[in-house]
1. Treat the chain as a sphere of radius equal to its Kirkwood radius over Cα pairs and apply Stokes-Einstein at 10 °C in a medium of 1.306 mPa s; give the translational diffusion coefficient in µm²/s, rounded to a whole number.
2. Which residues' amide hydrogens lie under 5 Å from the amide hydrogen of MET399, considering only partners 5 or more residues apart or on another chain, with H built in the peptide plane?
3. About the Cα centre of the chain, how large is the charge dipole given +1 on each Lys and Arg Cβ and -1 on each Asp and Glu Cβ? Please answer in debye to the nearest 20.
4. Greater than 24 Å separation of Cα atoms is the criterion. Which listed pairs, LYS223/LYS276; LYS242/LYS379; LYS137/LYS158; LYS176/LYS509; LYS238/LYS350; LYS350/LYS434, meet it?
5. Using θ = phi - 60° and the Karplus relation 6.51 cos²θ - 1.76 cosθ + 1.60, list the HN-Hα couplings for the stretch 396-407 in order, rounded to whole Hz, with x at every Gly or Pro.
6. What length, rounded to one decimal in nm, is gained on full extension from MET330 through to ASN67, with 0.36 nm per residue of separation minus their alpha-carbon distance?
7. Any chance you could run the full-extension gain for GLN60 through ASP111? It's 0.36 nm times the residue separation minus the Cα-Cα distance, nm to one decimal.
8. How big is the stretch 134-289 along each principal axis, measuring the range of its Cα positions in Å and listing the largest first?
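Values in this text are rule-based calculations from the coordinates and carry no lab data. Note that the structure is a prediction, hence the values are computed from the model and not measured. Quick reminder, even Gly has a Cβ in these numbers, built from the backbone with ideal geometry, and neighbours come from all protein chains shown.
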Amino acid sequence: MLILSAVLFSCTPRTPMDLLKESIIPKPASVTATNSSFVLSEKTAIYYQQSSEDLSFSGQYLADILNPSTGFNIRAEATGQNPGKGSIYLTLSDDKSELEKEGYELTITEDLITITAQNPAGIFYGIQTLRQLLPAKIESSSVQEGPWLIATGSIIDKPEYEYRGAMLDVSRHFFKAEDVKQFIDMLAAFKLNALHLHLSDDQGWRIEIKSWPNLTTHGGSTKVDGGEGGFYTQEQYKDIVKYAKERFIIIIPEIDMPGHTNAALASYAELNCDGKARELYTGIEVGFSTLCTDSEITYQFIDDVVRELAELNPGPYIHIGGDESHVTPMEDYIPFINRVQKIVTKYDKKVLGWDEIAHASLEPNATVQYWSKAENATKAVEQGAKVLMSPATKTYLDMQYDSTTRWGQHWAAYIEVDAAYSWDPASLVPGIGKDNILGVESALWTETITNLDELEYMVFPRIVGHAEIGWTKASDRNWDEYKVRLGNQSKRFKAMRINYYPSKLVPWK
Ligand code: TNX
C-alpha cells in the first residue's frame, strides 16, 4: 500500500498520448510526437521572457483561458531565468528566421511547455494551438473536472498567406461593439489576422465622422427592414481597433463608393447631383445609388472621411469599396476611383477595393479583392496589384448551405462545408498564382442576418475551413482528412458557445 501510494502521489502521471492524433485546425506545417504527456495542474505557471516586445498580454490571455475551466489560479509573470518544471514558457528568439513573421515552435515535454517565435504574433498563434491540444472543456466558462493532459512532442508552424481575414457587414444590420469583440475572439482562435468592417452602405452609415455628423445621426438611424440602426462612436471604434490589435488582428475599414452610398446621400443633399437628399433605404436591392462624381464637394467629403478614418486606424489599409456601381457610367467611375485612390495614399494608407476597381489605374501597392469577375482580378494582376481572394461561390458566408438554410441568399451558390473548404486560392483563376495573392477573406453580408447567433450559424464551421486555406499549404490539405478534424471540434464549439451549422457531411463526434 505504502509503495503504491508513494507511486501514485509522488510523481506526475506519464500518460502515453500521441500528438499526431490531435485535431488541430488550421493544420500545422509539421508535428513530431514523443508519446507522453504534460500535466497542467494548479502548480503550473506561465512565464514570459522579459523583453522589449511585450508578451504580457498573451501570457494573461492564456491564463484567462485556462483558469475558468480548470478552477486553477494560474498566473502569468515575466522572468529573466529559465522557468522550472511544470511551467509554460513564452519566449522570443532572433535566430529562428525560418519561422518568419508569424510562425512559432511549440515544444511539449513532460516537464515544460515552450512556445518560441520571432515575434509576439507567433507566440499568440502558438497559444491558439496549445488551446486545441487540451480537452475541449478547457473552453468552458465554469469549473470542469480534469485531468488536463497535453500530448508531448513538437510543432513547427507558420502560415502560407500573410492576410487571413473575415469581413463583417455592419451596415445592413448593425452589430454592437461588444458583438464585434466576440467575433474577434472567434477569429483569433483560428489564427485569422484581419477583420474588414463594411462600415457604410445604402442602408446605414456606421462610423462617426466628426466633420460630417449627419452621416451617423441620420444615415445611421435605420437598417434593413426598418427599425433602429446604430453606429460606432470614434471612441468605440478605437476600442475595437485596440481589442483586435492585442489579438494580432488588423481592422480594415471600408467606405463603399461611389455606389452603395444611399445612407450618405440621404444625410447630405449636396452629395447628390440634383442637390436633393434621398430617402433612407431599408430594402435589399443593390446598385441604385451613386455619389455625384463630377462635383468638388464629393471629393472634399471623401477627403474628410478618409482623413478621420486614417487617424482612427493604425492598420495599413483603407477599403474604398467600388463594387456594383451600376448607375455610375464607366467614364465617370474610372476617374472617380483614380482620384479616391490618391486621397487614400495621401494619408499614407494602402488602397483595397472590390474587383471592379481594376478598371481604373491602380496605385502601386493597391490590392484588389476578387469576389466576382475573374477578368477583373486578371486586370489587377496585369497592373502589378495583389489579389485578396474572396470568391463569392466559396467564401460568401451569407450564401446558404443548402435550400433548407433558414438565413442567407443563394445568388452565387449554395455553399456546403465541403465546397467552402475544397479549393485552392493559387489555382482558382488561370494566371493568378501564389505570388499574386495577398491572402483569403471570408465575407458575411448581413441583409438577412440580424444577430450574433445567426452570424455564428452562417460563419461556423465554414470560416474554420477558410482559416485553414489561408494558413496551411495546399498540398497538406484534403477534405476527407479535414472533415474528421472538424468533426472533433463539436465539443469545443459547444464549450466556446459557438452556434455552428451541424452539416451532415461532417462526422461530428
Ligand atoms: C454582393 S459582394 C455585394 C453586396 C451584397 C452581397 C450579398 C459585393 C462586393 N457586393 O453588396 O451584400 O452581394 O450576397
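1. So the translational diffusion coefficient is about 66 µm²/s.
2. Hits under the 5 Å cutoff: GLN409.
3. The dipole of the chain has a size of about 1600 debye.
4. LYS242/LYS379; LYS137/LYS158; LYS176/LYS509
5. With the stated coefficients, the stretch 396-407 comes to 7, 7, 8, 6, 5, 5, 7, 5, 9, 5, 5, 10 Hz.
6. So the chain would gain 88.9 nm between MET330 and ASN67.
7. 16.3 nm
8. Here the spans come out as 70, 35, 29 Å, largest first.
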